[in-house]
Amino acid sequence: MTRRSHGKKARGIAGLRLAAMFEGGKGVLVLLTGFGLLSLIHKDIHHAAALLVQHLHLNPASHYPRIFLDLSEKINDASLWAMAAAAITYALVRLAEAAGLWLQRRWAEWFGALTGGIYLPVEIYELLQGITWPRVTVLVANVWIVWYLLFTLLRSNQK
């Protein structure tokens, strides 16, 4: 293997590892959210929501805090279990993808390109509703991951 091809391979591995860390980070964040939801079972959700609104110094009578507080009154233990199960399932899928990308598995590259591409229209729509740094960051990161995974897949098909 020449020094040049070794450098390209190292960059390819580094790109896959970067994508794996991003997907793994999403998985860990959602997993923690799922466990956080489980910790709210048998608790007064509305009271916790009111404390959060107060802690963030939000006006509880304004539009979004009011929606949040109204929604918190409708959440019960069964819906918390369902949301936590969905979050944990999603997290496990993201963590499996991250492990596959880290280990340079072709199925993970296909899976990552497909699942990342599915989110792009939603992320673009959200950005059109209002430009914020988190929305721009998520869109740019997902566009980069989808492009990189597709590029890696196409490059490996040419060999």
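A short reminder: the numbers here are calculations on the coordinates, not readings from a lab. Computed from a predicted structure; not experimentally measured. As a convention, Cβ positions derive from the backbone with ideal geometry for all residues, glycine included, and neighbour counts pool all protein chains shown.
Look at Ser79 and say whether it is free of Cβ contacts under 8 Å to residues at least 40 places away in the same chain and either in a helix (DSSP H, G or I) or not β-branched (Val, Ile, Thr) (or both). Spelling it out, Ser79 is indeed free of Cβ contacts under 8 Å to residues at least 40 places away in the same chain and either in a helix (DSSP H, G or I) or not β-branched (Val, Ile, Thr) (or both).
Within the range 125-143, the set of residues being under 19 Å from Thr115 (Cβ atoms) and among the β-branched types (Val, Ile, Thr) comprises Thr137, Val138, Val140, Val143. What about Val93, is it part of a helix (DSSP H, G or I) and either among the basic types (Lys, Arg) or surrounded by 13 or more Cβ atoms within 10 Å (Cβ to Cβ) (or both)? Yes: the conditions hold for Val93. Does Ala98 meet the test of being surrounded by 12 or more Cβ atoms within 10 Å (Cβ to Cβ) and over 22 Å from Ser39 (Cα atoms)? In short, yes. If Gln104 satisfies all but one of (1) in a helix (DSSP H, G or I); (2) at positive phi, what's the number of the condition it fails? All conditions pass for Gln104, except number (1). For first residues located in the range 87-103 and β-branched (Val, Ile, Thr), partners that are part of a helix (DSSP H, G or I) and crowded, with 18+ Cβ neighbours inside 10 Å and lie 6+ apart or on another chain with Cβ distances below 6 Å form the pairs Ile88/Gly34.
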